[in-house]
Every structure is written in C-alpha cells, then in structure tokens.
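Colleague: If you scroll down you'll find the structure; I have some questions about it.
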Amino acid sequence: MSAIFTETRVKRRCNSSHVKGKLMLFARHSSDLRRRRRSRFPLRLAAAVAAAAVAALVASPLGSEPASAAPTQAQGESLRDLAAQRGIFFGVAVSPGPLQNDSSYQDIAGGEFSSITHENDMKWESVQPSPGQFNFDNADFINSFAQDNSQRIHGHTLVWHSQLPSWVEEQGTSPEALREIMNNHIGTVAGRYAGQYSSWDAVNEPWEDDGSWRQSVFYTQLGEDYVTEALTLADQADPGASHYINDYNTDGVNAKSNAMYNLAESLVSQGAPLDGVGFQSHLIAGQVPGDYQQNLERFAELGLEVAVTELDIRIPRPVTQEKLEQQAEDYSTVVQACLNVSACQGVTVWGVSDQHSWVNDWFPEDAEPLLFDDNYQPKPAYYAVQETLRG
Ligand code: XIL
C-alpha cells in the first residue's frame with residue numbers, strides 16, 4: 001500500500017472512543033508530517049528548477065502543446081507528484097468504460113492523479129438497484145485500478161436524493177422502514193470497502209440553494225437527524241475513513257454554504273462523526289467566488305477537513321482562447337485556495353477529459369470544463385494547475 005494511500009486515510013478530527021483517540025494521535029502525526037513536507041524547501045526548489053525547464057518547453061500558446069497524452073509524467077512533474085510535494089492529493093472521477101478500453105484515458109487517470117472517485121459507480125442506483133440486490137462489479141473494477149496505481153479512493157456517495165432507485169421511496173414509507181433500508185445500504189456498501197477507502201461522502205447535497213433543507217425522502221421521513229444517522233452508520237461500517245457532507249454552490253459564502261456551516265458547527269459541537277465538508281465546485285469560467293478560500297477556511301476553523309471534491313470549470317459557448325485562459329486562472333485560484341488552507345486534503349476534478357465530462361449532457365450551452373481536451377491534450381488549465389502546485 002502506498003504512502004499516499006495510507007496517509008490520506010487518516011481522520012483529522014475524531015470523537016470520543018479509544019480507537020478514535022488513537023486515530024487522533026495518528027492524525028496529528030500525519031498533519032505534522034504534512035507540515036514538514038510542505039517545508040521541504042530544497043526538494044521543492046529542485047522540483048521547481050526541473051519544472052521551469054519543462055515549462056519553458058511546454059507552456060506555449062494553445063495549439064502548440066506536445067502531442068503526448070500525459071506529457072509530464074516522465075519528468076516527475078505529474079499533477080499527483082507535484083501535489084504530493086505540497087501535501088495534498090490531486091484526484092479525478094472516472095468511469096469504467098474508458099478505464100477499460102481507452103489507453104490514453106488509463107494513462108492520464110493513473111499517471112496524473114493520486115485519488116480516484118467513481119463518477120457514478122458507487123451511487124445507490126448502481127450498487128443496489130433493487131432491494132437487497134447489490135452489484136459491485138464496476139466499483140470493484142475501478143478500485144482495483146486505483147490500487148494498481150497506488151491511489152487513494154473517495155467513496156461517492158451513500159445517502160443522496162438523486163440517482164436513487166425508486167424502490168427506496170416506495171418502501172421507505174415510515175421512519176422505521178427507511179432507517180432499516182439506510183442501515184442495510186450503508187452497512188453493506190461502506191462495510192464492504194472498510195479499510196480501503198480514505199473518505200466517503202456519507203451525505204450528498206442536503207441543501208436547496210436558498211439554504212433550506214432539500215425535501216428528499218431522507219429528510220421528509222427522518223428530519224434533519226438523517227444526516228447524523230447516516231454519518232453514524234457510515235462511521236460504524238468503516239471507522240477508519242473520513243466521513244463528509246458534500247454539496248454544490250457552497251463554494252463561496254452564501255445562504256447555502258451558511259446552512260452547511262451552521263449544520264457542521266452543530267454536528268461538531270454534538271460530537272457527531274463528521275470529519276469533513278466537501279465542496280463540489282462545479283464552476284463557470286470567470287465566476288469563481290472571490291471568497292472561495294475564506295469559505296474553506298471557516299469550515300477548517302471548526303476543526304474539520306475540507307476538500308474540493310468535483311471540480312470542473314465550464315466555459316459558456318463559444319469557447320475562445322481568452323476564455324480558456326480565464327479558465328486556467330480560475331483553476332489556479334481554486335488549487336491555490338486548497339494549498340493555502342492546511343485542512344484542505346486535496347482537489348478532485350470531475351472527469352479525465354472534456355470528451356467525457358457530464359457538462360456535455362447537463363449544460364449543453366457550456367463546454368470544455370476539464371484539464372485535458374477531447375483529444376487528451378493538456379489545456380492551459382492543466383499547465384496553470386501544474387504551475388500552481390509547483391508553488
Ligand atoms: C453526475 C455524473 O457526472 C453524471 O454522469 C450523471 O449522469 C449525473 O451525476 N453532483 C454530484 C455528482 O454529486 O454525483 C454528479 O455526477 C454531478 C453533481
């Protein structure tokens with residue numbers, strides 16, 4: 001098991017039990033290590049000198065980047081290497097189809113990234129499409145790719161209103177019935193991978209944009225306690241993983257992130273097993289909130305981990321070179337914010353290349369949100385992230 005895999009599986013915040021006390025010590029040790037690594041100046045300097053030479057060759061205007069799919073791995077300048085030198089992970093969401101069939105996709109997913117999230121294959125509809133019928137084939141395939149490439153794994157997701165098969169609502173018609181369903185789902189899914197995953201989105205997207213509770217079946221049957229119940233079940237099933245609440249449009253200080261903050265603060269004060277808050281960060285070029293870092297910081301000040309979990313920065317059509325450069329600057333802003341907040345564990349981008357992005361289906365008026373283009377060529381955003389990670 002690689003250092004990355006082991007180290008990032010540690011919780012920074014822990015609760016009362018003996019085991020958690022031990023984890024707390026380990027977490028402190030780990031964050032000390034992280035700080036030490038951050039201050040390993042000579043190493044970073046050497047990396048930066050080597051990187052500058054490479055950058056001079058590759059940081060050229062659009063259209064003249066090198067033809068190799070993952071151009072920097074050979075120089076130790078992959079995003080995962082650079083991120084590791086700064087004490088964070090750099091991750092990607094993947095799908096099993098191209099991971100099995102497309103060697104460029106495999107090379108980039110394995111070579112550039114140190115953390116893997118299943119884009120769809122750990123969701124409820126994927127793993128338990130009908131009551132009691134579990135299917136882990138795709139999830140296991142992705143996990144073995146991650147293990148072969150010494151990558152940490154982020155579980156996405158246990159309790160979410162979307163991509164939820166209709167039987168959950170049909171059968172979860174009382175608090176007791178829904179509790180039983182949740183208990184079985186979380187116990188089976190998180191329990192199966194106990195010890196293998198660094199972190200889990202125990203709860204995804206609990207909020208409406210105005211900061212009110214989303215009226216999911218979980219909320220309507222169980223009230224707001226469903227969050228604590230889900231976190232507790234996930235923690236019981238896999239106590240070594242960090243358990244997160246994750247949402248979108250919580251990336252700056254606003255009504256929705258205030259609701260998340262108030263919940264997080266209250267869960268922390270109650271000693272609920274919440275370890276982190278995830279910021280999906282599905283953003284639009286030119287519209288990164290100015291208080292992005294400040295927002296991460298306030299959650300970190302609660303003693304929680306934070307992570308950028310689903311980063312993509314889509315460009316309103318038509319795509320121009322100017323907008324691609326804006327996008328590059330925006331990626332840099334987000335990555336720099338994570339580097340600046342010591343509780344930030346890392347950044348995950350939501351897809352390997354523009355060709356596979358969900359934006360193509362969900363936001364057809366926008367385009368090209370990722371670091372690699374349709375032909376797996378690195379974009380200005382890729383080089384900007386590289387440069388930012390070099391520091
Ligand atoms: C998206 C996937 O990328 C798509 O392939 C799928 O059709 C819908 O879900 N927030 C989340 C992710 O938490 O799970 C979503 O992923 C994007 C928004």
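Colleague: Among the candidates Val347, Val334, Val352, Val319, which residue alone is closer than 19 Å to Gln377 by Cβ and in contact with a Leu (Cβ under 8 Å, 6 or more places away or on another chain)?
Modeller: Val352
Colleague: So which residues in region 264-284 are aliphatic (A, V, I, L, M) and either in contact with a helix residue (DSSP H, G or I) (Cβ under 7 Å, 6 or more places away or on another chain) or buried (at least 23 other Cβ atoms within 10 Å of the Cβ) (or both), if there are any at all?
Modeller: Ala264, Leu267, Ala272, Leu274, Val277, Leu283
Colleague: Is region 199-219 home to any residue that is assigned to a helix (DSSP H, G or I) and away from the ligand (no atom under 16 Å from the Cβ)?
Modeller: Yes, because at least one residue in region 199-219 is assigned to a helix (DSSP H, G or I) and away from the ligand (no atom under 16 Å from the Cβ).
Colleague: Check whether at least one residue in region 123-135 is within 14 Å of the ligand (Cβ to nearest atom) and under 15 Å from the mean Cα position of the chain (by Cα), and report yes or no.
Modeller: Yes, region 123-135 contains a residue that is within 14 Å of the ligand (Cβ to nearest atom) and under 15 Å from the mean Cα position of the chain (by Cα).
Colleague: Kindly indicate the residue of region 334-355 that is closer than 15 Å to Leu389 by Cα and assigned to a loop (DSSP other than H, G, I, E, B) and also farthest from the ligand (Cβ to nearest atom) among those meeting that condition.
Modeller: Ser342
Colleague: So which residues in region 245-261 are over 13 Å from the mean Cα position of the chain (by Cα), within 16 Å of the ligand (Cβ to nearest atom) and in a loop (DSSP other than H, G, I, E, B), if there are any at all?
Modeller: Within region 245-261, Asn249, Thr250, Asp251 meet the criteria.
Colleague: Right, next: Would you pick out the residues in region 140-166 that are more than 16 Å from the ligand (Cβ to nearest atom) and either among the basic types (Lys, Arg) or buried (at least 17 other Cβ atoms within 10 Å of the Cβ) (or both)?
Modeller: Selection gives Asn143, Phe145, Ala146, Asn149, Gln151, Arg152.
Colleague: Any idea which of Ser357, Ser353, Ser332 is touching a helix residue (DSSP H, G or I) at 6+ places or on another chain (Cβ under 6 Å) and either among the small types (Gly, Ala, Ser) or farther than 28 Å from Arg214 by Cα (or both)?
Modeller: Just a single option satisfies the conditions, and that option is Ser332.
Colleague: Follow-up question, since we're still on this one. If you check Asn120 against the conditions, is it within 14 Å of the ligand (Cβ to nearest atom) and surrounded by fewer than 21 Cβ atoms within 10 Å (Cβ to Cβ)?
Modeller: Yes; evaluated as a whole, the condition is true for this residue.
Colleague: Identify, by number, the condition in (1) modelled with pLDDT of 95 or more; (2) of a type outside the set (S, T, N, Q); (3) within 29 Å of Tyr331 (Cβ to Cβ); (4) surrounded by fewer than 17 Cβ atoms within 10 Å (Cβ to Cβ) that Glu176 doesn't meet.
Modeller: Exception for Glu176: condition (3).
Colleague: What pairs come up if the first residue lies in region 272-301 and is within 16 Å of the ligand (Cβ to nearest atom), the second is at pLDDT below 95, and their beta carbons are under 9 Å apart, counting only those six or more places apart or on different chains?
Modeller: Qualifying pairs under 9 Å: Gly276/Lys11; Gly276/Arg12; Gly276/Arg13.
Colleague: Are any of the residues in region 302-323 more than 16 Å from the ligand (Cβ to nearest atom), in a helix (DSSP H, G or I) and surrounded by fewer than 17 Cβ atoms within 10 Å (Cβ to Cβ)?
Modeller: So far as region 302-323 goes, yes, one or more of its residues are more than 16 Å from the ligand (Cβ to nearest atom), in a helix (DSSP H, G or I) and surrounded by fewer than 17 Cβ atoms within 10 Å (Cβ to Cβ).
Colleague: Another question about this same structure. Restricting to region 322-356, what's the tally of residues that are hydroxyl-bearing (Ser, Thr, Tyr) and under 15 Å from the mean Cα position of the chain (by Cα)?
Modeller: 2
Colleague: State whether the residues of region 208-215 include one that is small (Gly, Ala, Ser), touching a Lys or Arg at 6+ places or on another chain (Cβ under 7 Å) and surrounded by fewer than 21 Cβ atoms within 10 Å (Cβ to Cβ).
Modeller: yes
Colleague: Listed residues Tyr376, Tyr331; which is outside any strand (DSSP E or B) and under 25 Å from Val253 (Cβ atoms)?
Modeller: Being outside any strand (DSSP E or B) and under 25 Å from Val253 (Cβ atoms) holds for just one of Tyr376, Tyr331, which is Tyr331.
Colleague: Residues of region 83-117 being closer than 16 Å to Val349 by Cα, polar (S, T, N, Q) and more than 16 Å from the ligand (Cβ to nearest atom), which ones?
Modeller: Scanning region 83-117 gives Gln106, Ser114.
Colleague: Search region 96-107 for residues that are within 21 Å of Lys123 (Cβ to Cβ) and pair each with any residue that is of a type in the set (Gly, Ala, Ser) and modelled with pLDDT under 95 when their beta-carbon atoms are under 9 Å apart and the residues are at least 6 apart or on different chains.
Modeller: Listed pairs, sorted by first residue: Tyr105/Ala69.
Per-residue answers, yes or no, for (1) farther than 21 Å from Leu178 by Cα; (2) not β-branched (Val, Ile, Thr):
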| residue | (1), (2) |
| --- | --- |
| Thr220 | no, no |
| Asn258 | yes, yes |
| Ile284 | yes, no |
| Tyr292 | yes, yes |
| Glu301 | yes, yes |
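Colleague: Now a separate question. Taking Ala83 as the residue in question, decide whether it is assigned to a helix (DSSP H, G or I), touching a residue at least 60 places away in the same chain (Cβ under 8 Å) and under 14 Å from Val352 (Cβ atoms).
Modeller: Answer is no for this residue.
The values are calculated or read from the model by the stated rules, or taken from the named source; none is laboratory data. Owing to the predicted nature of the structure, the values given are computational and were not obtained by experimental measurement. Glycine gets a Cβ as well: all are built from the backbone with ideal geometry, and neighbour counts include every protein chain shown.
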